[in-house]
Structure formats: C-alpha cells, structure tokens
Amino acid sequence: METLNNYYTPTIEEFYANFEFEYSYTSGKLISTIKPESGWKKDTFDWQWSETINDDWEHENEDFKLRYRVKYLDQSDIESLGWEFKTKGPFRYWFEGKDSWFNNDIPDSPSGRYWGFQLVFDQELHTIQISAKTNGGEQTYEPFFQGYCKNKSELIKLMQQLNIK
C-alpha cells in the first residue's frame, strides 16, 4: 500500500531530461487523499513539460505541492535497474551487480577494471554506497560513491557516471 511517506514534493531544480515523477491535476486535494489509480499519472520530464512545470512553480507554488510528487528510492527501483538483492539487515539492504557489468572500465582508476559491484541501501536515510572489486587482487570492495540518493532517476544518473551498465 502506498503511503505519503513514500513520496516527496520535488524542487524545481530536480527536473531534468528523463527525470521520473508523478503528476495530478486534481487541484485542491491533498496528496494523501488522491488514489493512485484515479489521480496520479507517471511521466518523465522532457522539453514539453518545461513550460507547464515552470508556470505551475512560478504562479501556483502551493498548488505545485499538490500536483507533483516523486517516489523515494526503494528496493523495487534498485532491482528494476539490474541489481540483485542479497540480504537485509535491520537498517540496510545489500545488492550485487549483474555479471554483464563486470570488466567495465573504471574512470580514473589505476587498476582499470571492475570485477564485482555491491550496493548498500539505507531506505530510512535515503543513502546508498556503491562499491566495486577491481583487478588489483583484493577481495574487498572499494567505495566509489557514498551519499544521498532520493529517487530512481538519481540512481540511474549515478550509474551512468560510474560506467555501470
């Protein structure tokens, strides 16, 4: 069941090409009262949305909060991007990358290649850590990124930057 805590209102700065969000033109209703099947529609941001979103932001700032929302990153989003769930602790989830991702070039790495990926996700704090084994012979993971990641679009962008594909 969806709850209000699974979503947040994005800032205008968060919208960029292919940013995933949901919208509703059921004006005047609180987010918690709008049923997903009747009031919310999924879309990705492109140039056709820019005028509508900018207009809503500038002229109806309070209504903006009622019209746009983004789902926080969750386990299903991570798995949909190819990560395989491994285990769960009291606060974190562990995932491993697909075999087809291995042996990709590592940007600015002296060892040069990935040999394994691990993603650690804290759903409550909205943080992730992405680590990789390299061909340096070590059996431990080197952290490549550790920080805040609020939604699926941010994780997609981060994976592109780290050459994880």
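Is it true that G28 is assigned to a loop (DSSP other than H, G, I, E, B) and modelled with pLDDT under 90? Taking the combined requirement at face value, the residue satisfies it. So which residues in the stretch 116-138 are surrounded by fewer than 17 Cβ atoms within 10 Å (Cβ to Cβ) and modelled with pLDDT under 85? Residues satisfying the conditions are G116, N135, G136, G137, E138.
Total residues in the stretch 78-101 satisfying the condition of being part of a helix (DSSP H, G or I) and either modelled with pLDDT under 95 or surrounded by fewer than 20 Cβ atoms within 10 Å (Cβ to Cβ) (or both): the figure is 5.
The values are calculated or read from the model by the stated rules, or taken from the named source; none is laboratory data. Since we're looking at a predicted model, the values are computed, not measured. Cβ sites come from the backbone with ideal geometry, for glycine too, and all protein chains shown count toward neighbours.
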